[in-house]
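The values are calculated or read from the model by the stated rules, or taken from the named source; none is laboratory data. Bear in mind that the values here come from a model prediction, so they are computed numbers and not experimental data. Methodologically, a virtual Cβ is constructed for each residue, glycine included, from the backbone with ideal geometry; neighbour enumeration extends over all protein chains shown. Note: areas computed on protein heavy atoms with side chains; ligands, DNA, RNA excluded. Shrake-Rupley method; radii C 1.70, N 1.55, O 1.52, S 1.80 Å.
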Amino acid sequence: MNIIDTKINGGFWKKRKELNKNTSLFVVMKSFEDTGRVKAMTGDNDPVKQRPHIFWESDLAKLMEGAFFSMQQEKDEDLEKKMDSIIDKIIANQEEDGYLNYFFSRHEPDNKFTNLRDRHELYCAGHLLESAIEHHKATGNSKFFDAMERYVDHIITKFGREEGKMRGYPGHQEIELALVKAYEHTNDKKFLDLATYFIDERGTHDKPEDHYYVKEKKKLMEKEGEIDFSLLPSAMRDFAAFDQDFMGKTFRDLHYWQAHERPVDQKTAEGHSVRALYMFTAMADLARLNKDSKLLNACKTLWRNIVDKRMYVHSGVGSAHIGERFTYDYDLPNDMAYAETCATIALIYFANRMSKLELNSEYGDIIENSLYNLLLASTSLDGEGFFYDNYLECVPGYLHSQGRRHGVRDRYHMCSCCPPNITRLFASMDMYIYNLYQDSLIVDQYISSEIDLMNKTQGIKLNQTSDFPHNGYSKIEVIESKNNETTIYFRIPSWDKNMKIKLNGSKIDYEVVNGYAKINKNWQIGDVIELSFDFSPRYVRTNPNVRYNVRRACLFRGPLLYCLEEKDNGKDLNKLILNTNNNFDEKDEKISSENIISLTANGFKFKDSKDLYLKDKPDITETSLKFIPYYCWSNRGENEMLVWVNEN
């Protein structure tokens, strides 16, 4: 959906969007100013304290893109002026041939496009291009997009299958989906052709030694030479020499970059999770635009592998801390979960693109689960702190001992890809509420909002008022209509197969099509659709192949995942046991200023023992267990948290 056709206009998500625009965006902006990201564009940063990095441009691009989404819905002269200043600093680095990357132009001009696998040039180009498109839409000013188009023209002269060009492709995918957006923005096929090339060329090699990344590395070794570890200080020397094999196996296999085979032939989600999902998103785009059935089938296969075997219950993906990557089927640890925020944002993109290809409510289910659980939890309730990784169990002492992020959201991350990605996702989430499929309107999310399709085939304007996520009711009113016969599909959540619908006050039966309730009629001004959902608390278990969760259950209410926190239940949460035969007491409460519904039930707790090993089963005592929405955890200080609880 176009963000100007639909707008969140009330309820839960309006408050969250306002927090995102008025607080989170400026917290991230200040961290970028303080760390030299903006000054680096002009070379005014402190070269020691603010040492520039190869992907700082991408951080700024994502932050600006979020601002531009907001500006498309509501003009903001002060914000526009601030963003315009950053744009001018970025594009001032453009060279005569169109090349545009501040880091290589200023610091390593001889190394342009010499290490595609590791150095993010094309990744930065992609994020800048996406940002430039939204800037053009928001302001009508084309200076940013014109600069990026010149850069794309330069990239076209460098990459391709024609003689004299490099047959390379990005080490970190992103530009592919940006190029598709540029094609849809301009209808200029050069953007689509380059995106298609980058996907089609990836992983093409007859022999291992013919692989582009292998040949690229060989050239780099010839140019730079082998590292002489004997010249390093002893502590570094010993570790580096010891670590070579480990690093080689962890980061340097071609699966890490999804370059082990052609994307169209890939059947499992491998390697770095964000890279993978950005690529899968572009594949779905290209399958649609190029009418490529083989690529579509590959997307469907990869989707099934993720959601059936490699996705956490809160829609986190990429379970391994080392490599930020997918590992193998059913490997979903809780206390060492990685589940990078950017990866779930990319999963939302993939689901959204797949929903444009086929009518399947599962895509809306995954977007809903992602938004209400991992994405909401990724930001503190005051909008000032951000998670990079998203645990399902937090024992602070253990995390400290492992050198992991410790279950407290930070205002700033040195690798700061997630905070600006969060701000741009929340700024643009209006686009994920509704969808168009063929000539029908799809209602995918129950979020207070307005959608105007009066100038489209559907000829209808709707207003939705929703009590989600705390109560199961949503009302949709027709406020304008051309009286066209139009089909509207309403997503039936996977957690409530008995969704009830009233039309103009009368309960109706409906046809179920691929997980949607289908209603076709000549819609009139004043028509009212009321949807009711069962928000009874429910338990969820995992496939027993997930060894971490055997004989454990987690708790949902409506779309919200719940968890235990030490603040409510004391320490040693893993000693607690659910009595799943009991009912829950629901209570309206607040965490900080957030209204929540807590859930309390009777259960048990293992008694302490002075012995490390016991002959008999440990004794238990009765206790109560109090659950809060997962998205609210870690807003009352550092403490234990647990999602998957022992089950009696």
Quick check for you: with a 1.4 Å probe and neighbouring chains kept, what is the accessible area per residue of region 487-593, in Å²?
50 Å²
Match the structure shown to one of the listed values [x] 25.4, 81; [y] 30.5, 111; [z] 38.3, 144 of Rg and Dmax of the Cα atoms in Å, computed from it, and give that label.
[x]
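Tell me, what % of the accessible area of region 277-326 is carbon and sulfur with a 1.4 angstrom probe?
49 percent
Can you give the alpha-carbon Rg of region 458-508 over 2.2 N^0.38 Å, where N counts its residues?
Cα-based Rg divided by the globular estimate yields 1.28.
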Assign unit charges at the C-beta atoms only (+1 for Lys and Arg, -1 for Asp and Glu), then state the dipole size of region 16-113 relative to its Cα centre in Debye, rounded to the nearest 20.
440 debye
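In square angstrom, what is the accessible area per residue of region 1-56 with a 1.4 angstrom probe? Write out the running numbers ahead of the final one.
Numbers: 2680 Å² over 56 residues.
Computed with neighbouring chains in place, this is 48 Å² per residue.
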Distance between Cα centroids, region 610-628 to region 412-471: provide it in whole Å.
45 Å
Kindly provide the trypsin sites (Lys or Arg not before Pro) of region 48-138 that DSSP labels as loop, not H, G, I, E or B, and whose Cβ sees at most 11 other Cβ atoms within 10 Å.
K49, K75
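At a 1.4 Å probe radius, which order do S506, S440 fall into by accessible area, largest first? Write out the running numbers ahead of the final one.
Details: S506 65, S440 20 Å².
If we order S506, S440 from most to least accessible, we get S506, S440.
Apply the Kirkwood formula to region 577-648: the hydrodynamic radius equals the inverse of the mean of 1/r over all pairs of different alpha-carbon atoms; give it in Å with one decimal. Before the final figure, lay out each step's value.
Values: mean 1/r = 0.0698 Å⁻¹.
About 14.3 Å for region 577-648.
Size of the dipole of region 79-144 about the Cα centre, Lys and Arg at +1 and Asp and Glu at -1 on the beta carbon, nothing else charged, in debye to 20?
Numbers: 9 positive and 12 negative charges, 45 e Å.
My answer is approximately 220 debye.
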The distance between the Cα centres of region 76-95 and region 137-196, in whole Å, is 21 Å
For a quick check of your reading of the filter: which chymotrypsin sites (Phe, Trp or Tyr not before Pro) in region 325-400 sit in a DSSP loop and have no more than 16 other Cβ atoms within 10 Å?
Y328
Portion, in percent, of the accessible area of region 338-437 that falls on carbon or sulfur, probe 1.4 Å:
52 percent
Cut-off 15 Å between beta-carbons: net charge of the residues surrounding G472, Lys and Arg +1, Asp and Glu -1
+1
Nearest-10 value in Å² for the accessible area of K475, using the 1.4 Å probe
60 Å²
What dipole magnitude, in Debye to the nearest 20, does region 546-648 give about its Cα centre under +1 on Lys/Arg Cβ and -1 on Asp/Glu Cβ?
340 debye
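Given a Förster radius of 30 Å and the C-beta distance between E108 and R161 as r, what FRET efficiency does 1/(1 + (r/R0)^6) yield to the nearest 0.05?
Details: r = 27 Å, r/R0 = 0.91.
The value I calculate is 0.65.
Which percent of the accessible heavy-atom area of region 73-173 goes to carbon and sulfur, probe 1.4 angstrom? Mind showing how you got there, number by number?
Values: 1720 of 4210 Å².
About 41 percent, which is the carbon plus sulfur part of the accessible surface.
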If we count every other residue with Cβ under 11 angstrom of S31's Cβ, Lys/Arg +1 and Asp/Glu -1, where does the sum land?
-2
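What number comes out for accessible area per residue over region 288-355 if the probe is 1.4 Å? Units Å², please. Please report the intermediate quantities before stating the final value.
On the way: 2050 Å² over 68 residues.
So region 288-355 comes to 30 Å² accessible per residue, rounded to a whole number.
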Restricting to DSSP loop positions (anything but H, G, I, E, B) with no more than 16 other Cβ atoms inside 10 Å of their own Cβ, which chymotrypsin sites (Phe, Trp or Tyr not before Pro) remain in region 410-470?
Y412
